[in-house]
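Just so it is clear, none of the values below were taken in a lab; they were calculated from the coordinates. Given the structure is predicted, the values throughout are model-derived calculations rather than measurements. Note that each Cβ is placed from the backbone with ideal geometry, even for glycine, and that neighbours are counted across all protein chains shown.
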Amino acid sequence: MEERPPQGRVYLPTASYFEMGEWSLSPERAWEFHRLVEDLKARGEWERYRPFFRGGIWKNFLVKYPEANHMHKRMVWVSRRVAHAGEEAKRALYRAQCNDAYWHGIFGGLYLPHLRRAIYARLLEAEDKAGVDLEGVWLEDLDADGHEELILSNGGCLAVIKPSQGGALVELSFRRERVNITDTLARRFEHYHRGEEVRGQSGDGTPSIHEQAKVPPLQQVVYDPLPRYSFMDYLVPKGFSMKDWEEGRWDGVRLLGAEGYSLSQVDEGWRLVWDGEGDLVEKIFRLVPRGIEVFYTFSIPERTALAVGIDLHMPWAGNAQVEVGGEMVAATKGRLWGQVGGWICRDPSISAPVEVKLEGMGELWQVPFFTFSQSERGFDRIYQGTGFLVVARGEERLSFSLALRQEEVRDA
């Protein structure tokens, strides 16, 4: 700069490489964008118009994927908590800021569970290394959507509850293992899922890594109408089956409390209530040293089936097992268990089994869910978690409780 004088004023735009602009768009817009670019290339006009083409910005990924947004805002929250901590805590935070897990293009990114798990592990490590007080309750807009979330924390775990979206449990992290067991990803439509190849060519006529893609097995692609949060409550129509749930056929399924729950503190914990034209749902969340307990009361004059969903992620899917009454089934397999009093999830990567105790409800459906995402190899079928739906039929008024917690670990 000492040898060359300035040539003028310039402001750098928000920018990345070209393909990122396509990937960050909504699926419908991304497909339109891609087809328009390919059309211009076919007409030989692409180089003329390319300077005027811009896709979306990187932050669109945080709108496109609620799971990425939650992880990002948790990182920001932890960053504030450890701002004055030592180097070890800050190093863990910086590792949690590695961008790969927060977005998705062609190399997997957000769709890869081990990347997301690493982010949550480093966030929990940062709090641990910082020596901040782990006991606390926060009511704040954690995910920047204009609604307050309830954050409950103790020395054993951290829970994030979202009253504005069905009173759902968005996160349950165990501090000792540094793992978020509700770290799942919904199956959603991506623009490259269309039944045509998304393929372009580089300047020399050879498809680049950004331009190569194959068509996914469309008969296996299933989409979820909602994020895969836990303790979301549904009314399901007569005849609704486990196969319907597995294959995303949600016609007639109604999310209770979609408009939001009111929140108040009571002696037993935190009370969420939804009152919808004669239908009433009350659930009380209580954080315990190794997990969370939920106490339910339903009053639904319409006699139909009630269902409560719990989605868990098993980091080592190939070895994870679900145990009911002494019988073991792989977490990656579906199973209709019938009437149960609870179940246990055993994962060799977690030092203690995760147990769900159930008092006063109905039958258990176990369904694993997989996503199809593009990668440099083509399409990856990735296990994202196992959904457990607890179903009770024909009950007008129902009270029951669920406890999601780890068995106690004894040090050797």
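Listing for the model above:
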quantity	calculated
Which listed residue is buried (at least 17 other Cβ atoms within 10 Å of the Cβ), in a loop (DSSP other than H, G, I, E, B) and in contact (Cβ under 8 Å) with a residue 12 or more places away in the chain, from Gly257, Gly248, Gly252	Gly257
Set Ser351, Ser373: member being assigned to a loop (DSSP other than H, G, I, E, B) and either touching a residue at least 24 places away in the same chain (Cβ under 8 Å) or at positive phi (or both)	Ser351
Residue in the range 120-139 that is touching an Asp or Glu at 6+ places or on another chain (Cβ under 8 Å), exposed (fewer than 15 other Cβ atoms within 10 Å of the Cβ) and farther than 21 Å from Leu287 by Cα present	no
Sole exception among (1) buried (at least 19 other Cβ atoms within 10 Å of the Cβ); (2) not in a loop (DSSP other than H, G, I, E, B) for Ser264, by number	(1)
Among (1) assigned to a helix (DSSP H, G or I); (2) touching a residue at least 24 places away in the same chain (Cβ under 8 Å), the one test that Leu40 misses	(2)
Neighbours by Cβ (under 7 Å, 6+ apart or cross-chain): first from the range 62-91, free of Cβ contacts under 8 Å to residues at least 40 places away in the same chain and of a type in the set (Gly, Ala, Ser); second surrounded by 21 or more Cβ atoms within 10 Å (Cβ to Cβ) and not in a loop (DSSP other than H, G, I, E, B)	Ser79/Leu93
Among the candidates Ala15, Ala83, Ala92, residue that is within 25 Å of Ala159 (Cβ to Cβ) and assigned to a loop (DSSP other than H, G, I, E, B)	Ala83
One residue from Glu359, Glu293, Glu363, Glu323 being more than 30 Å from Trp274 (Cβ to Cβ), surrounded by fewer than 18 Cβ atoms within 10 Å (Cβ to Cβ) and either charged (D, E, K, R) or in contact with a Gly (Cβ under 7 Å, 6 or more places away or on another chain) (or both)	Glu323
